[in-house]
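Working notes, beginning with the structure itself.
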């Protein structure tokens, strides 16, 4: 079973990276214009942030309203580290680790809270981060923000391949983590804390693991956003940004990784598609969300995942039906020949 899962993971990862590289080449040769490439790349960053929110809200079962704060920490950490002479790829990874450390510091005293209390605390954390960055004008540029142009800012093909490639890698790692012993323990805590505790599962420990991983993913999202846009402001840690990322997860399906990603790409593209309506698009956007929540309250995929690889052994019932159909056809041919 482990060999089959590893094989499927490698096949899916390789095929996904080939597709990402192929689209990147189309962007490089201007077959896909820079505007469309920017929308797809921005959707990729939103998808990474949706993954972060889905880990803490959908998989761990905790309501967090401060993920944009972790994104801002990752973005500014990348600038500080890269300006120290560290290569950009290493800076992005280190920024994620720094953000995960802040997630540990915030989660340690707050994860003992539940529901609305945890949401309020994380909301306050996001606002504190924003105010701190506003007042550190010497390092962050204050309310006016700070520029950070890189090759990703100037070359849309490289930006697309790097960001979507990281998205694919995160999806593979997160899906395998969910199937692991730690992931199943986190799901058990989400479904029933009393039953999980009675089974010997440490509630606080696995909540902390989920929260730190979600912080790391959000930090990576911010670390990729800074060199892609080339300019960041403290407002990226605002409450509205956190709500936007939460909407992606709710629309895609709380607990569904592929649903969150699908919703991120759909909603990001929809915002640009409705741009010709100018300010009126702000009316159509929430109406669409209300309709989806009314007719499909569990989200586009609910808690289900869309799988790209279906092996023959995974569907024994289909196998039996197909083999039975073939036997019937063979018997009919024999009877006709007689």
Practice problem: Scan the range 260-277 and report the pairs whose first residue is touching a residue at least 12 places away in the same chain (Cβ under 8 Å) and on the phi > 0 side of the Ramachandran plot and whose second residue is part of a helix (DSSP H, G or I) and exposed (fewer than 15 other Cβ atoms within 10 Å of the Cβ), with Cβ atoms within less than 7 Å and a gap of 6+ or a chain change. | Solution: none
Practice problem: Scan the range 124-134 and give yes if some residue there is surrounded by 15 or more Cβ atoms within 10 Å (Cβ to Cβ), part of a helix (DSSP H, G or I), touching a strand residue (DSSP E or B) at 6+ places or on another chain (Cβ under 7 Å) and modelled with pLDDT of 85 or more, otherwise no. | Solution: no
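Which helices (runs of 4 or more DSSP H) sit wholly inside the range 246-338 and have at least 1 residues that are modelled with pLDDT under 50 and loosely packed, with under 11 Cβ neighbours inside 10 Å? Step through it out loud before you land on a result.
Details: elements: 257-273, 281-295, 316-337.
Per the criteria, 316-337.
Count, please, the residues in the range 135-146 that happen to be in a helix (DSSP H, G or I) and in contact with a strand residue (DSSP E or B) (Cβ under 7 Å, 6 or more places away or on another chain).
Of all residues in the range 135-146, those in a helix (DSSP H, G or I) come to 135, 137-140, 142-144.
From what is left, the residues that are in contact with a strand residue (DSSP E or B) (Cβ under 7 Å, 6 or more places away or on another chain) are 140.
Of the residues in the range 135-146, 1 are in a helix (DSSP H, G or I) and in contact with a strand residue (DSSP E or B) (Cβ under 7 Å, 6 or more places away or on another chain).
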Practice problem: Can you give me the number of residues within the range 100-114 that are in a helix (DSSP H, G or I), more than 22 Å from the chain's Cα centre (by Cα) and either over 23 Å from residue 60 (Cα atoms) or in contact (Cβ under 8 Å) with a residue 24 or more places away in the chain (or both)? | Solution: 1
Quiz item: Just wondering, is there one or more residues in the range 86-99 that are part of a loop (DSSP other than H, G, I, E, B), out of contact with any helix residue (DSSP H, G or I) (no Cβ under 8 Å at 6 or more places or on another chain) and at pLDDT 85 or above?
Solution: yes
Practice problem: For residues that are touching a helix residue (DSSP H, G or I) at 6+ places or on another chain (Cβ under 8 Å) and outside any helix (DSSP H, G or I), scanning just the range 157-202, find the one that is surrounded by the fewest Cβ atoms within 10 Å (Cβ to Cβ). | Solution: 199
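Looking for something closer than 29 Å to residue 155 by Cα, in contact with a helix residue (DSSP H, G or I) (Cβ under 6 Å, 6 or more places away or on another chain), surrounded by fewer than 24 Cβ atoms within 10 Å (Cβ to Cβ) and without any contact (Cβ under 8 Å) to a residue 60 or more places away in the chain - is there at least one such residue anywhere in the range 63-71?
No, every residue in the range 63-71 fails to be closer than 29 Å to residue 155 by Cα, in contact with a helix residue (DSSP H, G or I) (Cβ under 6 Å, 6 or more places away or on another chain), surrounded by fewer than 24 Cβ atoms within 10 Å (Cβ to Cβ) and without any contact (Cβ under 8 Å) to a residue 60 or more places away in the chain.
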Quiz item: Here are some conditions: (1) within 30 Å of residue 29 (Cβ to Cβ); (2) part of a helix (DSSP H, G or I). Residue 149 meets all but one. Which one does it not meet?
Solution: (2)
Quiz item: When you look at residue 208, is it over 17 Å from the mean Cα position of the chain (by Cα), assigned to a helix (DSSP H, G or I) and modelled with pLDDT of 90 or more, yes or no?
Solution: yes
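The values are calculated or read from the model by the stated rules, or taken from the named source; none is laboratory data. Because the structure is a prediction, the values reported are computed rather than measured. Quick reminder, even Gly has a Cβ in these numbers, built from the backbone with ideal geometry, and neighbours come from all protein chains shown.
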